[in-house]
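Engineer: Here you go, one structure.
The values are calculated or read from the model by the stated rules, or taken from the named source; none is laboratory data. These figures come from a predicted structure and were not determined experimentally. All Cβ positions, even for glycine, are placed from backbone atoms using ideal geometry, and neighbour counts span all protein chains on display.
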Amino acid sequence: MESGGGAYGAAKAGGTFDPWRFLQQPQVIVRILSAIFALIVFSCIIGEGYTNKHTSDDLYCIFNHSEGACHYGISIGVIAFLACVFFLTADIYFPQISNATDRKYLVMADLGFSALWTFLWFIGFCVLTNQWASMVSEDVTTGADSARASIAFSFFSIFSWGLLITFALQRYRMGVQDFDHSYVDPAPGPASPYSSYPNVSHESYQQPPFTRTVDDSEGYQPPPVY
């Protein structure tokens, strides 16, 4: 199916790109915020997420010395930031995609990734909060504000990516509705009368030649005798 106009919530293919109008789109605004939140989370952990005790030179994760918590926060933050950059680029070129099937796959990818990362941000928020609450205050020498910032923006990311789910679902439903409205079931043609033989009508039937009618009223006559 080729896209006519406005398939999956985008303008007709071939239109000019308007940066100001693009930046005013709700999904673009929320995606930019999601990228900023992810950047804050992993940069805070990388920058000040590791500390050391006074008697040791070894660095420990500020979240209760749990290396898994720091690695998890950095990983989902970096991947979320790169995904936001990718989908922002896809949003720019989305109206130029003329094939509605390609638009559908891109919207479905956005929907699936947003749902997965909403769940992962929720897990990350719970892990970071739990490990930070278990941390002994004497072990925290620096980076307390960065740890709290990473926890806070992990919480904000849950809602920002949840909004991206909503926008992707709306775009998918718009594409499905466009398909339903553009499809028309072909009407059946008029039924043609059945004829046993082509180009022959019942009125044109004629009596076959070389037939002899017998008049029953004359009766039987014997042949002449000579």
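Engineer: Exactly one condition in (1) modelled with pLDDT of 90 or more; (2) under 32 Å from the mean Cα position of the chain (by Cα) is false for residue 130; which is it?
Structural biologist: For residue 130, the exception is condition (2).
Engineer: Can you find, within segment 115-142, the residue that is nearest to residue 38 (Cα to Cα) among those that are surrounded by 14 or more Cβ atoms within 10 Å (Cβ to Cβ) and hydroxyl-bearing (Ser, Thr, Tyr)?
Structural biologist: Looking at the filtered set, the residue picked out is 118.
Engineer: Does segment 33-44 contain any residue that is in contact with a Leu (Cβ under 7 Å, 6 or more places away or on another chain) and assigned to a helix (DSSP H, G or I)? Step through it out loud before you land on a result.
Structural biologist: Applying the first criterion (in contact with a Leu (Cβ under 7 Å, 6 or more places away or on another chain)) to segment 33-44 yields 34.
Adding the requirement that they be assigned to a helix (DSSP H, G or I) leaves 34.
Looking for residues that are in contact with a Leu (Cβ under 7 Å, 6 or more places away or on another chain) and assigned to a helix (DSSP H, G or I), one finds at least one in segment 33-44, hence yes.
Engineer: Going by the conditions given, is residue 63 outside any helix (DSSP H, G or I), surrounded by 12 or more Cβ atoms within 10 Å (Cβ to Cβ) and modelled with pLDDT of 85 or more?
Structural biologist: Working: outside any helix (DSSP H, G or I): yes; surrounded by 12 or more Cβ atoms within 10 Å (Cβ to Cβ): yes; modelled with pLDDT of 85 or more: yes.
Yes; evaluated as a whole, the condition is true for this residue.
The rows are residues; the columns are (1) at pLDDT below 80; (2) polar (S, T, N, Q); (3) out of contact with any His (no Cβ under 6 Å at 6 or more places or on another chain); (4) within 19 Å of residue 169 (Cα to Cα).
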site	(1), (2), (3), (4)
2	yes, no, yes, no
17	yes, no, yes, no
40	no, no, yes, no
90	no, no, yes, yes
103	no, no, yes, yes
107	no, no, yes, yes
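Engineer: Give segment 66-86 a look and list any residue that's among the hydrophobic types (A, V, I, L, M, F, W, C) and at pLDDT 95 or above, or say none. Explain how you work it out, then say what you get.
Structural biologist: Start the filter on segment 66-86 by keeping residues that are among the hydrophobic types (A, V, I, L, M, F, W, C), which leaves 69-70, 74, 76, 78-86.
Passing the criteria: 74, 76, 78, 79, 80, 81, 82, 83, 84, 85, 86.
Engineer: In addition: State whether the residues of segment 74-95 include one that is among the acidic types (Asp, Glu) and part of a loop (DSSP other than H, G, I, E, B).
Structural biologist: So in segment 74-95, the residues among the acidic types (Asp, Glu) come out as 91.
Now restrict to residues that are part of a loop (DSSP other than H, G, I, E, B): none.
Taking every residue of segment 74-95 in turn, none turns out to be among the acidic types (Asp, Glu) and part of a loop (DSSP other than H, G, I, E, B).
Engineer: Report yes if residue 102 is farther than 13 Å from residue 35 by Cα and free of Cβ contacts under 8 Å to residues at least 24 places away in the same chain, otherwise no.
Structural biologist: Numbers: farther than 13 Å from residue 35 by Cα: yes; free of Cβ contacts under 8 Å to residues at least 24 places away in the same chain: yes.
Criteria met by residue 102.
Let's see how each residue does on (1) at pLDDT 50 or above; (2) loosely packed, with under 13 Cβ neighbours inside 10 Å; (3) closer than 19 Å to residue 73 by Cβ; (4) of a type in the set (Lys, Arg):
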residue	(1), (2), (3), (4)
144	yes, no, yes, no
152	yes, no, yes, no
155	yes, no, yes, no
163	yes, no, no, no
168	yes, no, no, no
186	no, yes, no, no
192	no, yes, no, no
195	no, yes, no, no
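Engineer: Show the residue pairs that are 6+ apart or on different chains and have beta-carbon atoms under 6 Å apart, the first residue being within segment 129-148 and over 17 Å from residue 58 (Cβ atoms) and among the aromatic types (Phe, Trp, Tyr), the second being modelled with pLDDT of 80 or more and part of a loop (DSSP other than H, G, I, E, B).
Structural biologist: 132/63
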